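Contents: one structure, followed by commentary.
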Amino acid sequence: MDNILEVKNVTYEYTDEEKTFAAVKNLSLNIERGSFTVILGHNGSGKSTLAKMLNGLNKPTSGDVFADGINTKDEETEIEVKRKVGMVFQNPDNQIIASIVEEDVAFGPENLGIPPKEIEKRVEDALKAVDMWEFRKSTPHHLSGGQKQRIAIAGIIAMQPECLVLDEPTAMLDPKGRAEIISTLHRLNRDKGITVVLITHYMEEAENADRVIVMNDGEIIADDKPKVIFSDVERLKKVGLDVPQTAELLYNLKKNGFAVDTHALSIKEAAEQIISALHSEEK
């Protein structure tokens, strides 16, 4: 298996004047190149701390994180790690610094010393990839929340990372803006082969992922395909997470004696399960 990210026995501790708190506890995982992985967890589960370690923003207290084989603890290769693993945060206003969209997207490649002609091409490619090329001359702060987040993503992909780590990028957006971002991420993953690691607490954003990881209290408590993860409704609720409406509906039907497969996630699959169960009841 070709892994772009490897996390080996990692612990991350926060220390204040009175005590030390482990936000991530002896955690190990691999992220396969080209995959789309979603990491779920309630606030305080350790998912954001883990995200910041994946591109070297945070260094593990113990254990190691490797980005395409490079140890993120190595200060000499810190820039190379950040080129390979781009990071997008919750608030796009904290990542947008220029007054014109195309200038903002060009900022990262300029700092990497990329030649001007190559920068022009990268900016155009990045903005087209997130469907924001027509706004290239616009002022970012006049755009919607979803559009600004797509500009922030374009600024990262203009540096041509192999992996995108996004820490709750839709948390400040309305449903339309959230849908825009998730659609953009799946398109980047599908069309450009960019590995995506999405940190979120919105269950519906995980439904079409290749893999879902659930964290609680600094540890991984589940790691599987979305259909398997969401079929275990009781476990998710126990750690303070909601489940997709279709999963909860099928769970309740099964609990009440209907013969349904709780692994169905889409509305179409759920409808087929319900119709089949009703026909069985009639016989």
> Where does each of 11-23, 220-232 land if you order them by average Cβ count within 10 Å, highest first?
Replying inline: 220-232, 11-23
>> Nearest 500 deg cm²/dmol is fine: what mean residue ellipticity at 222 nm does the chain get from its DSSP H runs of n ≥ 4 alone, each adding -39,500 (n - 2.57), divided by its residue count?
In response: -12000 deg cm²/dmol
> Which pairs, out of 227/255; 117/148; 148/225; 176/254, put more than 23 Å between their alpha-carbon atoms?
Replying inline: 117/148; 148/225; 176/254
>> Give me a comma-separated list of calculated 3J(HN,Hα) values for region 31-41, in order, Karplus coefficients 6.51, -1.76, 1.60 applied at θ = phi - 60°, integers in Hz, x for any Gly or Pro.
In response: 10, 6, 4, x, 8, 10, 10, 10, 10, 9, x
> Considering the values (i) 7, 26, 31, 22, 10, 3, 1, 0; (ii) 7, 30, 40, 21, 2; (iii) 6, 28, 35, 23, 7, 1, which represents P(r) over Cα pairs in 10 Å bins from 0, in percent as calculated for the structure under consideration?
Replying inline: (i)
> Which whole-Hz ³J(HN,Hα) couplings does region 199-205 yield from phi under the Karplus relation 6.51 cos²θ - 1.76 cosθ + 1.60, θ = phi - 60°, glycine and proline marked x?
Replying inline: 9, 7, 10, 8, 4, 5, 6
>> Can you give me the angle between helix 116-129 and the longest principal axis of the chain, using Cα atoms only, in degrees from 0 to 90, rounded to the nearest 10?
In response: 20 degrees
> Tell me, 138, 48 in order of fewest to most beta-carbon neighbours within 10 Å?
Replying inline: 138, 48
> Of 103, 180, 134, which is the most mobile in a GNM of the chain whose springs link Cα atoms less than 10 angstrom apart?
Replying inline: 134
> For the chain, what is the percent of antiparallel DSSP beta bridges, rounded to the nearest 5?
Replying inline: 55 percent
> Which of 2, 68 comes first, and how do the rest follow, when ranked by fewest Cβ neighbours within 10 Å?
Replying inline: 2, 68
> Farthest toward the dipole's positive end in the chain, which of 230, 15, 143, given Cβ charges of +1 (Lys, Arg) and -1 (Asp, Glu) about the Cα centre?
Replying inline: 230
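Laboratory data are not the source of any read-out in this text; all were calculated from the coordinates shown. Everything numeric in this text was worked out from a predicted model, so none of it was measured. Here Cβ is always computed from backbone atoms with ideal geometry, including for glycine, and neighbour counts include all displayed protein chains.
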